[in-house]
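The values are calculated or read from the model by the stated rules, or taken from the named source; none is laboratory data. Keep in mind that this is a model prediction, so the values were computed, not measured. Reconstructed Cβ throughout: ideal geometry from the backbone, glycine too, with neighbour counts over all protein chains shown.
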Amino acid sequence: MRLIIAEKQIAARRIAGILSKGTAKVVKEGKVQVYTIDGDTLVLPLRGHILNVDYPREYNNWVSTNLHSLVYAPLEYKTSEPSVVRVLRKYAPKADEIVVSTDFDTEGESIGREAVKVISGKNKHISVKRVRFSAITQEDVLKAFEELHELDDNLADSADARREIDLIWGAVLTRFVSLSSGRLGSRFLSVGRVQTPTLALIVNLEKERMAFKPKPFWVLTGIFFKEFEFKALHEEGKFWDGEKAKSVFDKVKNEKKGTILSVTSRKKKANPPIPFNTTGFLRAAANMGFSPARAMAVAETLYMRGFISYPRTDNTVYPSSISLKELLKKFLAHPEFGGYAKSILAQPKISPTRGSKMTKDHPPIMPVEPVANGKLSPQDWRIYSLIVRRFFATLMPPCELETMNVKIKVKGETFVANGQLISKPGWLGAYPYSKFKETRLPRLNEGEEIEARNFVLDAKETQPPTRYTPSSLLKEMEALNLGTKSTRPEIIRKLQQRQYIRGSRSYEPTHIGIALIEALEEHASEITKPDMTAKLETEMELIQGGKKAKSIVVDDSRNMLGSVLEKLSANHDGIGSSLREAAGRTETFGKCECGGELRLIVSKKTRKRFVGCSNYSKGCRVSYPLPQHGTITPTNKICPVCGAPIIKVRYKRTYEMCLNPHCETKKDWGKKKPKKLK
């Protein structure tokens, strides 16, 4: 009997359907669905990792465990999916061969090896093979099963090294800061090898913003008319001298004519974008409003359903083994994309763009099968459409632009207008997510006079650096080698879950997030800098290439952590004090009428959160209910109606509300709005 191991249920169903030509039967084994093919082949789905790396039970107690011993404590791989393990053990004695068909990357190799270890425990002589594919399509799967490979222990070791190192660093550092600050249980403070340097990026940028001192400047705009109104800026751009700006404005403000000094036109081309790798895809999806974690989850679903290629890749070059023409032909009948496919196939030559990264494991993210809009959920369709359109854009001709630069003289002062028209859309026709915009100018000739309708002098200020957006943070993490293409979305999600950062379109650190970084930067700055993390990432890449043993890399990381813990321990009291002070600032919502502080409290009995007075022990019973979902933030504002504090709530949307549930500002909450008469 042959056992085929798939990573998830959806992948198992699709692989079984392809191999059996739709005749596979489902057998329920408890909570696990197994697919049988002709009675001698079984496709068994896993649920990702079925073994979880952890410490032995004697290290579970945070308070009694010595942290220095935790650095060098042994690790165990324990069953995390017992129902799946039972099925693997049941069929192991009957099998002759295992074929691992999990995702072909380090994580997939580790997951596959876990299944092999479980099965081998019941059948030591079983043969083990590996299939590798980048898309779960009929063509790719059938071809992969004709070209069997060996399981790659180096890839699996690299993934397991990451899991072990992240566990050790996370456990030791998290326990240290939580114990030193007195925040245990559900209020613990999480510190991680990758998440903490990432948080430091966000915090330090916020400090730059807080320290920023705006500088005033003035902008002089002229509004001119010929055929239609258009704007031109004074050639000075920004006037840093207010008196000079006012003087120039007074000079031209009553003028009714301007003379065209020069008109410069030129044509230029904008090349198509490069194929999507994981970071490029996540950044593009973030610009559409998707969080990195959500975008990756949707992409994984599309991959499992056989619509796109594997979404975790560094590659930005289409391999020569892929027939782009054959892929395009699949889309000819598509109601939305068929026209683009037809126009590309009509080109004399298809020359795709190439990025700088070329790897051999997976192609860039690309569509592999057409699917109609109505067959996907709205969110899935948006991501699928993004990937399809990017693929088409990389195969299309450049966009051709016509630019115009016009200089206009008004009483000795020069104003400049820039226009841009898209003469041939090229790849822009298929890819509407570009930032190219048209700015129209009328037909102007050197020496002619045109009407000046108005002049406006605007006073402005320089702005602080913008906060990290999902797109810019992913780019920075990649540049600093913080995490991997697979782990970065999850790192950002954890920072949000831990309430170290808030926001979705841009990231703002909370008080506790800032305090955590400040305390660690002062007493153990290595944890907050990307250097040590990047070094470990490089070490894990060496494991993947077979150039360094997993045990050596893990031991090296333990030694690094040991030296960091020594510094932290020497400053235990200072770190704890800083964190306790920040926690108090974060969870205080204002003053009570009795003089106490209104604080966030979590009920020990119900686990619900509410705001209560710090003078409860002295008899004050003032309290306010809170929304039980989302992030709650103090605003330092007082309700003008009832005088209670106002808080900011972030859950699906962001809004401010008075804490008092009986306030007049809430009298219409929950009421249905009357229907408008037609």
Scan the range 255-274 and tell me whether some residue there is of a type outside the set (S, T, N, Q), at negative phi, crowded, with 17+ Cβ neighbours inside 10 Å and without any contact (Cβ under 8 Å) to a residue 60 or more places away in the chain. no
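For the range 169-189, indicate whether the set of residues that are in a loop (DSSP other than H, G, I, E, B), outside the structural domain of E541 (by TED's automatic domain parsing), touching a residue at least 60 places away in the same chain (Cβ under 8 Å) and buried (at least 22 other Cβ atoms within 10 Å of the Cβ) is non-empty.
no
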For the list (1) touching a Phe, Trp or Tyr at 6+ places or on another chain (Cβ under 9 Å); (2) at pLDDT below 95; (3) among the charged types (D, E, K, R), I need the number of the one condition that K424 fails. (1)
Has the range 244-258 got at least one residue that is modelled with pLDDT of 95 or more, closer than 30 Å to L401 by Cβ, touching a strand residue (DSSP E or B) at 6+ places or on another chain (Cβ under 8 Å) and not small (G, A, S)? no
Within the range 68-83, restricting attention to residues that are free of Cβ contacts under 8 Å to residues at least 60 places away in the same chain and touching a strand residue (DSSP E or B) at 6+ places or on another chain (Cβ under 7 Å), which residue is farthest from T174 (Cα to Cα)? S83
P378 versus (1) out of contact with any Pro (no Cβ under 9 Å at 6 or more places or on another chain); (2) over 23 Å from P292 (Cα atoms): which is the lone unmet condition? (2)
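Matching residues to (1) within 30 Å of L220 (Cα to Cα); (2) outside any helix (DSSP H, G or I); (3) polar (S, T, N, Q):
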| residue | (1), (2), (3) |
| --- | --- |
| I344 | no, no, no |
| P348 | no, yes, no |
| Y384 | no, no, no |
| F392 | no, no, no |
| K407 | yes, yes, no |
So, in the range 233-269, exactly how many residues are hydrophobic (A, V, I, L, M, F, W, C), in contact with a Gly (Cβ under 8 Å, 6 or more places away or on another chain) and farther than 19 Å from A459 by Cβ? 1
Selection from the range 457-483 of residues in contact (Cβ under 8 Å) with a residue 60 or more places away in the chain, not charged (D, E, K, R) and not in a helix (DSSP H, G or I) yields L457, A459, T462, Q463, P464, P465, Y468, T469, L480, L482, G483
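Would you confirm whether or not the range 403-419 contains a residue that is among the hydroxyl-bearing types (S, T, Y) and out of contact with any Lys or Arg (no Cβ under 7 Å at 6 or more places or on another chain)? Full working, then the answer.
The initial filter retains those residues of the range 403-419 that are among the hydroxyl-bearing types (S, T, Y), namely 403, 414.
Next cut, out of contact with any Lys or Arg (no Cβ under 7 Å at 6 or more places or on another chain) only: none.
The answer is no; no qualifying residue exists.
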Name, by its number, the condition in (1) in contact with a helix residue (DSSP H, G or I) (Cβ under 9 Å, 6 or more places away or on another chain); (2) more than 30 Å from G503 (Cα to Cα) that does not hold for L444. (1)
Could you tell me whether the range 405-421 includes any residue that is out of contact with any helix residue (DSSP H, G or I) (no Cβ under 9 Å at 6 or more places or on another chain), farther than 30 Å from V248 by Cβ and surrounded by fewer than 18 Cβ atoms within 10 Å (Cβ to Cβ)? yes
Quick check, is T198 at pLDDT 95 or above and within 28 Å of the chain's Cα centre (by Cα)? yes
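Search the range 1-34 for residues being touching a residue at least 60 places away in the same chain (Cβ under 8 Å), in contact with a Gly (Cβ under 8 Å, 6 or more places away or on another chain) and part of a loop (DSSP other than H, G, I, E, B), and hand back the single one that is surrounded by the fewest Cβ atoms within 10 Å (Cβ to Cβ). Lay out the reasoning, then the answer.
Our first condition is that a residue be touching a residue at least 60 places away in the same chain (Cβ under 8 Å); within the range 1-34, this holds for 1-8, 10-11, 14-15, 18-19, 29.
Within this subset, residues satisfying the condition of being in contact with a Gly (Cβ under 8 Å, 6 or more places away or on another chain) are 5, 7-8, 14.
Now narrow it down to the ones that are part of a loop (DSSP other than H, G, I, E, B): 7-8.
Working: E7: 24, K8: 18.
Of everything passing the filter in the range 1-34, K8 is surrounded by the fewest Cβ atoms within 10 Å (Cβ to Cβ).
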Looking at (1) farther than 24 Å from Y468 by Cα; (2) under 20 Å from the mean Cα position of the chain (by Cα); (3) modelled with pLDDT of 95 or more; (4) not aliphatic (A, V, I, L, M), can you tell me which one Y310 breaks? (3)
What's the number of the only condition in (1) more than 30 Å from S158 (Cβ to Cβ); (2) among the polar types (S, T, N, Q); (3) surrounded by fewer than 18 Cβ atoms within 10 Å (Cβ to Cβ) that T510 fails to meet? (3)
Criterion violated by A200 - all others in (1) outside the structural domain of P509 (by TED's automatic domain parsing); (2) closer than 29 Å to L516 by Cβ satisfied: (1)
Which condition breaks for L332 when tested against (1) within 24 Å of R130 (Cα to Cα); (2) surrounded by fewer than 21 Cβ atoms within 10 Å (Cβ to Cβ); (3) in contact (Cβ under 8 Å) with a residue 12 or more places away in the chain? (1)
Just checking, how many residues over the range 623-651 are at pLDDT below 85, more than 16 Å from S504 (Cβ to Cβ) and among the hydroxyl-bearing types (S, T, Y)? 1
By residue number, the members of the range 66-86 that are more than 30 Å from D40 (Cα to Cα) and surrounded by 16 or more Cβ atoms within 10 Å (Cβ to Cβ) are L67, L70, V71, A73, L75, Y77
Taking the options R89, R113, name whichever one is without any contact (Cβ under 8 Å) to a residue 60 or more places away in the chain, surrounded by 20 or more Cβ atoms within 10 Å (Cβ to Cβ) and outside the structural domain of L327 (by TED's automatic domain parsing). R113
Could you say whether any residue in the range 397-407 is under 30 Å from G280 (Cα atoms), hydrophobic (A, V, I, L, M, F, W, C) and free of Cβ contacts under 8 Å to residues at least 24 places away in the same chain? no
Among the residues of the range 315-338, count how many are out of contact with any helix residue (DSSP H, G or I) (no Cβ under 7 Å at 6 or more places or on another chain) and acidic (D, E). 1
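Given the criteria in a helix (DSSP H, G or I) and either in the same structural domain as V118 (by TED's automatic domain parsing) or crowded, with 17+ Cβ neighbours inside 10 Å (or both), does V43 qualify?
No, not satisfied.
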Is at least one residue of the range 372-385 within 29 Å of L155 (Cβ to Cβ), buried (at least 16 other Cβ atoms within 10 Å of the Cβ), of a type in the set (D, E, K, R) and not assigned by TED's automatic domain parsing to the domain that holds K424? no
